[in-house]
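Here the structure comes first, spelled out in structure tokens, and everything after it is commentary.
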Amino acid sequence: MGREAGKLSLILLMTPFLLWIGLLIILPQLGIGYVSLREKISYDEFSFGLKNYVDFISEPVYRNTLFRTAWMSILVTILALIVGFPVAYYIAKIARQKSRAALFLMCLIPLWVSDLVRAYGWIVLLRETGVFSSTLVWLGIINTPIEMLYNDITVVMGLVYTVVLFMIVPLTSTLQGMDDALLEAGYNLGGSRFTVFRRIIVPYAMPGIVSGCIITFMLTAGSYLTPVLLGGKNSSWFTEQIYNQFITRYNWEAGATFGVTLLVFTSFVVWLGLKLTGQSLATTVAKD
Amino acid sequence: MYDLSCDRVTKAFGKFVAVDQVSLDIPSGSFFSILGPSGCGKTTLMRMIAGFETPSGGDIRIKGESVLSLAPNRRNVKMVFQHLALFPMMNVGENIAYGLQCRGEKKADIPAKVRRVLERVGLPGVEEKQIGQLSGGQKQRIAIARCMVLEPDVLLLDEPLGALDLKLREHMKIELKQLQHQFETTFLYITHDQSEALVMSDRVAVMNAGRFEQIGTPRELYDDPVSGFVAGFVGDANILAGKVAEISGDEVLVNLDGGGGRIAARRSDASAVGDEVEVFVRPEAMRIGEAAARASLTGTVDSLLFNGANSRILVRALNDQLIEVADPGQSGSLAPGATVTLTFEARRARAFARRQG
Ligand SMILES: Nc1ncnc2c1ncn2[C@@H]1O[C@H](COP(=O)(O)OP(=O)(O)OP(=O)(O)O)[C@@H](O)[C@H]1O
Ligand SMILES: [Mg+2]
């Protein structure tokens, strides 16, 4: 009876999850994959093949946009790690028990405001007639107002701001599990600050670093609002291309191809990153 | 020349004084224990020696040199942590090599040193094992090996047996003592378990509320406690409360509270006639027999507790207090309910002024 009941509860527990995965993730992706393989011959007449992918590869603009998006996303991920690690370390190890929850909540505050409003907030600050520019003019530091929007630095900064939270959360929870005695043992046995950081803190935090980086990278590469609003026409973000194909050109086949390509390419980058750093999903993210 | 000396070391956290004017000198190669109840400041003292806390006052010297200005990673004292703190991301060999690498030892020499120290702790060939694959006792020995490979002046051990089960703890007690002999290193061992301290140590300091009450050999602490706290904390003792009725030489006669009778004990402090005192008598000092002229303690046998060589007879005194009497012979001639008289030599009972609380 025990086994029967176990089986039943397993089925009951798994059903919503499987439905969610199946209906909302796998099925649409299959649909996209299917559309991407369609070749339009004439109105309402299709054949199947890889023509859309060949078109994609042979068009340097698309290719370069994809690479550019990937590079910028990697840069954003690295910056988010550099910015997020000290914050996470402070929250997990240095802040007092009482202030920990408050600090954590403060990190979550940006999430209470929608992406769109946050991006407009940046615009208000950074545009030519914006707060920063006019303040600098008023202080006499610059003579004429300057445009701080629509360049790569602003886009990267805005993206780091948007995603850094998703780096901090997994890092904090991993670091919280670390016993202070490990650090003290590290010093006691003669380690310098740098040695303790490199040989004890970083390896211990590795699961958090890996999952934080994967989440951040995927979110960045797939983000749309921030690069488009802060980068304007020059942003050349890959998701913008997908939007253009689907909405502006009404070319669903090309749009679907781009979508699949983005998914495959970003997954490949994650895989490559894991390989290059000698990590595997099994030993980091899935550990314990 | 002492390996480790503390000179009136004090540590205050705000208004609270956790360690108060503690002085100790540990000769080279000895096993020194600090014994005290939970919260008395043992760990704080050890953390000051290791450099993780800065003393509010006093001086700490290692091999005669003051180490107060040295950072923790520059002091040649190594520490075995309560939960061992073995590095989970490294295997056994890497854990032991860590300290050698930090010291900048030549790469080629390290494996041989690791192998040698593992042999000395009786675990040859486990370099490749992960920490999670070791048993509790093995982890213990790896934690010691990780420190000993660095040949420290002093090894600090903070209740390292606390996390082990009883059986293993008994075993590790003896093993630790042997390891200390073998390495000929000075051990400073912290514990709240008096049997650990008595069995292993050359000298023991009994600590209470931030202060040392007494420093001595285990035998001195057991036979000649200087205070009621030490008498009660080290070894088993019956504590009989009463008032001083008469003083003659170094003996006092004490009327037990609640009409328990009158007993003779050794006068151990300045208590005067009429003062409230506590008399400490070890179970093995008690005999069942004839009453002495001036003092007698009578009662009825309450129960017989069998525990091999540690067997006890529980006697209910006239004031209803239960008194433990050692019964190594397990004679079995007594039955619960029998009326008995308890005797002991006055010099084996000690009267101290009653403690507060
Ligand atoms: N950082 C600190 N701030 C304030 N008080 C502290 C701090 N560290 C320790 N204390 C206090 O100092 C006292 C002694 O603590 P300590 O850890 O030295 O006790 P201990 O003898 O090791 O006890 P145990 O046997 O339970 O480990 C305790 O009352 C503790 O609350
Ligand atoms: Mg402690």
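The values are calculated or read from the model by the stated rules, or taken from the named source; none is laboratory data. None of these values were measured; they are calculated from a predicted model. Neighbour counts are summed over all protein chains in view; Cβ atoms, including those assigned to glycine, are modelled from backbone coordinates with ideal geometry. Just so you know, the surface numbers come from the protein's heavy atoms only, side chains and all, with ligands and any DNA or RNA stripped out. Shrake-Rupley method; radii C 1.70, N 1.55, O 1.52, S 1.80 Å.
I'd like to check something: does the range A:68-91 contain any residue that is small (G, A, S), exposed (fewer than 14 other Cβ atoms within 10 Å of the Cβ) and either touching a residue at least 40 places away in the same chain (Cβ under 8 Å) or out of contact with any His (no Cβ under 9 Å at 6 or more places or on another chain) (or both)? Checking the range A:68-91: not a single residue is small (G, A, S), exposed (fewer than 14 other Cβ atoms within 10 Å of the Cβ) and either touching a residue at least 40 places away in the same chain (Cβ under 8 Å) or out of contact with any His (no Cβ under 9 Å at 6 or more places or on another chain) (or both). The condition (being of a type in the set (A, V, I, L, M, F, W, C), more than 14 Å from every other protein chain (Cβ to nearest Cβ) and within 16 Å of ligand 2 (Cβ to nearest atom)) is satisfied by just one residue among B:A18, B:A50: B:A18.
Suppose the filter is modelled with pLDDT of 85 or more, open to solvent by less than 20 Å² (accessible area, probe 1.4 Å) and not assigned by TED's automatic domain parsing to the domain that holds B:Y222; does B:A349 pass it? So B:A349 passes the test.
Number of residues in the range A:189-212 that are at the interface with chain B (Cβ under 7 Å from one of its Cβ atoms) and either closer than 23 Å to A:I74 by Cα or out of contact with any Phe, Trp or Tyr (no Cβ under 8 Å at 6 or more places or on another chain) (or both): the value is 5.
If we keep just the residues of the range B:181-231 that are crowded, with 21+ Cβ neighbours inside 10 Å and β-branched (V, I, T), which is farthest from the chain's Cα centre (by Cα)? Taking the candidates together, the pick is B:T185. As a summary of the residue check, A:F46 satisfies the conditions (1) open to solvent by 100 Å² or more (accessible area, probe 1.4 Å); (2) not in a helix (DSSP H, G or I) except for the one numbered (1).
Every test in (1) away from every other protein chain (no Cβ under 14 Å); (2) out of contact with any Pro (no Cβ under 7 Å at 6 or more places or on another chain); (3) buried (at least 18 other Cβ atoms within 10 Å of the Cβ); (4) closer than 27 Å to A:I153 by Cβ is passed by A:S235 save one, and that test is (2).
Pull up the range B:41-86, narrow it to residues that are part of a helix (DSSP H, G or I) and away from ligand 1 (no atom under 16 Å from the Cβ), then point me to the one that is surrounded by the fewest Cβ atoms within 10 Å (Cβ to Cβ).
We begin by selecting, within the range B:41-86, every residue part of a helix (DSSP H, G or I); these are B:42-50, B:72-74.
Of the ones still in play, those that are also away from ligand 1 (no atom under 16 Å from the Cβ) are B:73-74.
Numbers: B:N73: 19, B:R74: 12.
In this case the residue turns out to be B:R74.
Tell me the residue from B:I142, B:I174 that is away from ligand 2 (no atom under 16 Å from the Cβ), part of a helix (DSSP H, G or I) and modelled with pLDDT of 90 or more, please. Write out each step before concluding.
Working: B:I174 fails: modelled with pLDDT of 90 or more.
It is B:I142.
Hey, does the range A:169-180 have a residue that's more than 14 Å from chain B (Cβ to nearest Cβ), among the hydrophobic types (A, V, I, L, M, F, W, C) and either without any contact (Cβ under 8 Å) to a residue 12 or more places away in the chain or on the phi < 0 side of the Ramachandran plot (or both)? Looking through the range A:169-180, at least one residue is more than 14 Å from chain B (Cβ to nearest Cβ), among the hydrophobic types (A, V, I, L, M, F, W, C) and either without any contact (Cβ under 8 Å) to a residue 12 or more places away in the chain or on the phi < 0 side of the Ramachandran plot (or both). From the set of residues in the range B:140-165 that are of a type in the set (D, E, K, R) and surrounded by fewer than 21 Cβ atoms within 10 Å (Cβ to Cβ), which is farthest from B:E65 (Cα to Cα)? The residue in question is B:D165.
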